[in-house]
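Each remark here refers to the structure printed beneath this line.
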Amino acid sequence: MSELVTGEAVALELRPARLPSRGLATLLDLVVAFTAYVVVSIVVVVSTASLDEAAQVALSIATFLLVLVGGPIAVETLSHGRSLGKLACGLRVVRDDGGPIRFRHALVRGAIGVVEILLTLGVVACIASLVSARGRRLGDVFAGTLVVRERVPAARSGFVPPPPPWLAGRFQGLDLSTVPDGLWLAVRQYLGRMGQLDPQVGWAMGVRLAGELASRTGAPVPPGVPPAAYLAAVVQERQVREARRTFGGVAVAVPVVGTGGVAMAYGPPAPYVPPVVAAGAPSQEPAVDRAAGPGTGFVPPA
């Protein structure tokens with residue numbers, strides 16, 4: 001079982017789809033695609049009967065590429081990995097780190113799928129899926145994607161603590177473009193399993209992941225911020241940015257992983273403004289409190 005995060009930024013434990021369910025979903029997609037191809041081909045042949053043979057051949061090739069290759073690519077891109085067959089079987093295509101796929105992922109999957117599914121009648125795809133530990137075909141390997149099962153009982157969801165409220169919006173200026181997908185996945189898995197780790201081991205792992213994430217972003221971890229809180233806040237910032245890219249300037253409620261709370265994303269981000277504290281007044285950003293006890297990951301173990 002793989003612990004992944006869906007495109008809506010909800011942390012779930014999802015199982016990679018295996019060959020039977022993927023084969024059924026692919027079969028349904030092929031039936032729909034070939035039906036559309038036959039209908040479009042008939043319309044093209046009837047409407048171009050007066051053209052010469054070379055023009056008809058060129059139009060036939062263009063129809064094949066447009067319907068059987070371009071169609072699935074467009075559907076996966078617009079539906080964020082849910083084709084009709086996958087939707088019927090409860091499957092979805094996601095990135096290796098669990099995020100939603102984009103056009104380049106769908107393009108690579110579709111281009112390689114012409115060879116391993118259409119031209120070889122699915123033989124190459126079946127062999128690759130059987131050999132792969134996570135049931136991936138060649139298109140998934142080269143595109144960096146994974147087909148997972150979405151219909152998993154909610155009880156299997158891992159609890160991922162949200163960042164402290166006083167860290168909300170503090171990391172809007174970070175450059176997250178250089179952080180690899182593998183590191184995001186490691187951070188999310190760590191946050192979901194903090195409570196299962198020994199306090200000393202969990203704290204050390206959080207320090208290591210926070211240091212690696214800080215080195216990738218070029219900004220050090222703020223003083224006094226526990227590593228787990230820093231990791232949770234940066235992950236939430238990335239989720240808000242992905243929701244903003246997906247939905248544009250529309251107000252979007254991004255679920256905070258592991259809770260019922262939401263974070264709203266409205267168009268361009270506003271700069272972080274530190275809270276104004278009057279002279280002699282206590283700071284609104286609490287210091288690290290050992291009294292909270294170990295196991296939360298937001299405080300060092302006693």
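Observations on the structure shown:
- Filtering His80, His105 for residues that are outside any helix (DSSP H, G or I) and closer than 24 Å to Asp140 by Cβ leaves a single hit, His80.
- Options Gly110, Gly71; residue that is in contact with a Pro (Cβ under 6 Å, 6 or more places away or on another chain), free of Cβ contacts under 8 Å to residues at least 60 places away in the same chain, surrounded by 14 or more Cβ atoms within 10 Å (Cβ to Cβ) and in a helix (DSSP H, G or I): Gly110
- Entry remark, segment 192-234: residues being of a type in the set (A, V, I, L, M, F, W, C), in a helix (DSSP H, G or I) and open to solvent by less than 50 Å² (accessible area, probe 1.4 Å) number 11 in total.
- Check on Ala9, farther than 21 Å from Leu121 by Cβ, at pLDDT below 90 and of a type outside the set (Ser, Thr, Tyr): yes
- Unmet criterion (only one of (1) touching a helix residue (DSSP H, G or I) at 6+ places or on another chain (Cβ under 7 Å); (2) open to solvent by less than 10 Å² (accessible area, probe 1.4 Å)) for Val124: (2)
- Scanning segment 175-191 for residues that are of a type in the set (Gly, Ala, Ser) and either open to solvent by 40 Å² or more (accessible area, probe 1.4 Å) or touching a strand residue (DSSP E or B) at 6+ places or on another chain (Cβ under 8 Å) (or both) yields Ser177, Gly182.
- Residue match in segment 166-174 (condition: open to solvent by less than 80 Å² (accessible area, probe 1.4 Å), modelled with pLDDT of 85 or more and not aromatic (Phe, Trp, Tyr)): no
- Selection from segment 36-57 of residues that are modelled with pLDDT of 90 or more, open to solvent by less than 80 Å² (accessible area, probe 1.4 Å) and not small (Gly, Ala, Ser): Tyr37, Val38, Val40
The values are calculated or read from the model by the stated rules, or taken from the named source; none is laboratory data. What you see is a predicted model; the values in this text were computed from it and never measured. In this analysis, Cβ positions are derived from the backbone assuming ideal geometry, glycine residues included, and neighbour counts consider all displayed protein chains. Only protein heavy atoms, including side chains, enter the accessible area calculation; ligands, DNA and RNA are left aside. Shrake-Rupley method; radii C 1.70, N 1.55, O 1.52, S 1.80 Å.
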